[in-house]
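What follows is a short report on a single structure.
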Amino acid sequence: MHSETRLDALIVGAGFAGLYMLHKLRGMGFSARVVDAASGVGGTWYWNRYPGARCDVESMYYSYAFDEDLEQEWEWTERYPSQPEILRYANHVADRFDLWPDIQLETRVVSAAYDEAAASWRVTTGTGDVFDARFCIMATGCLSAANTPEFDGLDEFGGRVFHTGRWPHERVDFAGRRIGVIGTGSSAVQAIQEIAREAAHLTVFQRTAAYVVEAFNRPLPAAEQREIKANYPAIRAAARKTFGGFNRMTNEQSALSVSEEECRRRLEEGWQAGGIGFLTAYNDFGFSEAANMRAQEFVRDKIRETVKDPETAEKLLPHHVIGCKRLSLGTGYYATYNRANVSLVQLGEGGVDRITAEGVVSEGAEYRLDDLVLATGFDAMTGALARIDIRGRGGLTLRKAWEAGPRNYLGLMVNGFPNLFTITGPGSPSVLSNMMPTIEHHVEWIADCLGYLRDRKIREMEARLEAQDGWVEHANAVASKTLRYSCSSWYLGANVPGKPRVFMPYIGGMPSYREKCAAVAMAGYEGFRLATATAV
Ligand code: FAD
Ligand code: N01
């Protein structure tokens, strides 16, 4: 027997976006439910349990701002919160706001079809259960669809295989074993540092060397926490005015307007302060190749100073534009390669040759391994949506509509798919920002919008094609002025073979994006088609 449930809104995903969306809509009297494929809440922090997993936005800022009591009562223990601590926080939020009765876990959405006559979504789960919901809200995450490259021979590998984004719940023991890690992105950087301490031998297979800045993580003293809490509204408001909703302001000066020595002095200051705010030292690292080169050289010198074996140091030197791929945070990442039990393999042009029962083959040499860790990232931003068979007006599939890259209005709604919202979707600042304020912004915009539609008895809302085209054109124009197209990043879909090469997040910054969203709402949801019961 399959169940059929009628709701005002179905929310797919029980990460921070889905949890807050549920809380908000329930508070407004809507019937809403969250479903998630996972067996717990927390999204990213439920799935990514690999050793060393940690946030690189400081805990006091990577937290909800919508509820003052929550903000005041929760105690963080470290400057950067670890995955277990963030997961406890997500569970605390679900407890505190009594969200559990409307959360359905272990439920994967496989399809969502728009019923034009009823102006509602018919959403089907893997077990054949159906939800009929006026609104379908995709809180499916930007980095939730794990990317496992099709390595030749992967199935034949005799040892254990782990993906960082699908890590087992029980502790994985690496003691006395030969471990291979494929990838050197942010997940790999964190995992490598930890696995190296435990494994008999760790071999890292690197395709592209990474820029890793020091985190300088530390315990968070109670006094420091109290002081921030006392000033939270002002601090949050200041962060909202920065490009990405972070707690560090960009120095509005060109790196080229100062001498090389002065530039280095400031970069060193930024490095010692710790964190991804390192690139806020000057305002043109993202735009000027000459300015960027100064920051690149600074990090390359750090690597040369740290890594003792010159050959290994040379392999670790990144040569792409710094900040083009996301910066990674480390705690002694480069120094890890000074350990006798760690070796680095630079993969050839074609990547891994193949995987055998015994290990990994690169450029003809076989590296024997007991376990393999795939730190190969995600089919980012569109992957989770593409894995659902979403059909809008006239049976148009989202996969077809987005085959040349994602197109939508404000990252929130797609022409041809009425009453379907995406939280932190492509076309919005999302992954370029501190995701917590960004999620809150989208949730509040969507909630206000649903209230507006209810008050005016509007049954259908859809992004107009011309508004969508205008937004995509604007987003592409802004991105083309930056250096972001100069490397093969997941922001461009370059990590997934066959994915169209489009810069997916909106890079115009949070303040202007917030202003645009507010202006659109104020003008009665300009750029959207709103249809009342009689008009449909
Ligand atoms: P998610 O947390 O990804 O949740 C989405 C949920 O949707 C998942 O639980 C998934 O199971 C579910 N889902 C997807 N498809 C379906 C389906 N078809 N059916 C049912 N359920 C489905 N951001 C920062 O701002 N700072 C950081 O330091 C930072 N660190 C990160 C570290 C890692 C390892 C990763 C992977 C991401 C990190 N991020 C960081 C980004 C992070 O994803 C966001 O901060 C935030 O957690 C996203 O929340 P979300 O609710 O939007 O999505
Ligand atoms: O994934 P990635 P990630 N053969 O795509 C390599 C957030 N995050 O999980 O660079 C060989 O960055 C790939 O190589 P290349 C953060 O937003 C944050 O690490 O494509 N190698 C790369 O080295 C981050 O950006 C934290 O040449 C292959 C690696 O695998 C995002 O999540 C921690 C390959 C993938 O790196 C994703 O990070 C973790 C192949 N076929 C994650 N395919 C924080 O610290 C891929 N690679 C907060």
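The values are calculated or read from the model by the stated rules, or taken from the named source; none is laboratory data. Keep in mind the model is a prediction, meaning the values are calculated, not measured. Using ideal geometry, Cβ is built from the backbone for each residue, glycine included, and neighbour counts are taken over all protein chains shown. Accessible surface areas use protein heavy atoms only, side chains included; no ligands, DNA or RNA. Shrake-Rupley method; radii C 1.70, N 1.55, O 1.52, S 1.80 Å.
Just so you know, in region 1-41 the residues that are crowded, with 24+ Cβ neighbours inside 10 Å and assigned to a loop (DSSP other than H, G, I, E, B) include one that is nearest to ligand 2 (Cβ to nearest atom), and it is Gly15. Selection within region 488-511: residues that are part of a helix (DSSP H, G or I) and either open to solvent by less than 50 Å² (accessible area, probe 1.4 Å) or in contact with a helix residue (DSSP H, G or I) (Cβ under 8 Å, 6 or more places away or on another chain) (or both). The member of this set that is farthest from Lys400 (Cα to Cα) is Pro511.
Take the residues in region 298-309 that are touching a residue at least 12 places away in the same chain (Cβ under 8 Å) and in a helix (DSSP H, G or I), then tell me which one is farthest from Glu214 (Cα to Cα). By that ranking, first place goes to Arg304.
Of the residues Arg49, Arg54, Arg108, which is under 16 Å from the mean Cα position of the chain (by Cα), under 30 Å from Asp389 (Cα atoms) and either more than 13 Å from ligand 1 (Cβ to nearest atom) or of a type in the set (D, E, K, R) (or both)?
The unique qualifying residue is Arg49.
Can you tell me which residue within region 183-222, out of those that are part of a strand (DSSP E or B) and within 16 Å of ligand 1 (Cβ to nearest atom), is most open to solvent (accessible area, probe 1.4 Å)? If we take residues in region 183-222 being part of a strand (DSSP E or B) and within 16 Å of ligand 1 (Cβ to nearest atom), then Glu214 is most open to solvent (accessible area, probe 1.4 Å). Taken as a whole, the condition of being under 28 Å from Leu317 (Cα atoms) and either in contact with a strand residue (DSSP E or B) (Cβ under 9 Å, 6 or more places away or on another chain) or at pLDDT 95 or above (or both) applies to Asn292.
Within region 164-182, work out how many residues are out of contact with any Leu (no Cβ under 6 Å at 6 or more places or on another chain) and surrounded by fewer than 23 Cβ atoms within 10 Å (Cβ to Cβ).
Selection size over region 164-182: 12.
When restricted to residues that are among the β-branched types (Val, Ile, Thr) and touching a Gly at 6+ places or on another chain (Cβ under 6 Å), region 269-308 contains 0.
Considering only residues that are over 28 Å from Arg166 (Cα atoms), within 16 Å of ligand 1 (Cβ to nearest atom) and surrounded by fewer than 20 Cβ atoms within 10 Å (Cβ to Cβ), which ones fall in region 114-132?
Arg122
Can you pull out the residues in region 55-69 that are touching a helix residue (DSSP H, G or I) at 6+ places or on another chain (Cβ under 9 Å) and either crowded, with 22+ Cβ neighbours inside 10 Å or over 14 Å from Arg226 (Cα atoms) (or both)? The answer is Cys55, Asp56, Val57, Ser59, Tyr62, Ser63, Tyr64, Ala65, Phe66, Asp67. Within the option set Gly451, Gly395, Gly364, being assigned by TED's automatic domain parsing to the domain that holds Arg160, out of contact with any Cys (no Cβ under 7 Å at 6 or more places or on another chain) and either under 30 Å from Glu68 (Cα atoms) or not aromatic (Phe, Trp, Tyr) (or both) holds for one residue only, Gly364.
Of the residues Met60, Met28, Met21, the single one that is over 19 Å from the mean Cα position of the chain (by Cα) and of a type in the set (A, V, I, L, M) is Met28.
Mind listing whichever residues of region 154-182 are assigned to a helix (DSSP H, G or I) and β-branched (Val, Ile, Thr)?
Answer for region 154-182, where residues must be assigned to a helix (DSSP H, G or I) and β-branched (Val, Ile, Thr): just Thr164.
If you filter region 300-358 down to residues that are out of contact with any helix residue (DSSP H, G or I) (no Cβ under 8 Å at 6 or more places or on another chain) and of a type in the set (Val, Ile, Thr), you find that the one that is farthest from ligand 2 (Cβ to nearest atom) is Val345.
Evaluate region 97-111: report whether one residue or more is under 17 Å from Cys142 (Cα atoms), open to solvent by less than 60 Å² (accessible area, probe 1.4 Å) and in the same structural domain as Val130 (by TED's automatic domain parsing). Checked region 97-111: at least one residue is under 17 Å from Cys142 (Cα atoms), open to solvent by less than 60 Å² (accessible area, probe 1.4 Å) and in the same structural domain as Val130 (by TED's automatic domain parsing).
How many residues are of a type in the set (Ser, Thr, Tyr) and without any contact (Cβ under 8 Å) to a residue 40 or more places away in the chain if we restrict to region 51-88?
Going through region 51-88, the residues of a type in the set (Ser, Thr, Tyr) turn out to be 59, 61-64, 77, 80, 82.
Still in the list and also without any contact (Cβ under 8 Å) to a residue 40 or more places away in the chain: 82.
Total meeting the criteria: 1.
Restricted to region 310-427, the set of helices (runs of 4 or more DSSP H) holding at least 1 residues that are of a type in the set (A, V, I, L, M) and open to solvent by 20 Å² or more (accessible area, probe 1.4 Å) comprises 383-386, 398-401. When Phe151, Phe135 are screened for being surrounded by 19 or more Cβ atoms within 10 Å (Cβ to Cβ), outside any strand (DSSP E or B) and of a type in the set (A, V, I, L, M, F, W, C), only Phe151 passes. Ala295 falls short of the stated requirement of being free of Cβ contacts under 8 Å to residues at least 12 places away in the same chain and not polar (S, T, N, Q). In this structure, does Ala118 turn out to be assigned by TED's automatic domain parsing to the domain that holds Arg459, in contact (Cβ under 8 Å) with a residue 24 or more places away in the chain and out of contact with any Pro (no Cβ under 8 Å at 6 or more places or on another chain)? When the stated conditions are applied, Ala118 does not pass them.
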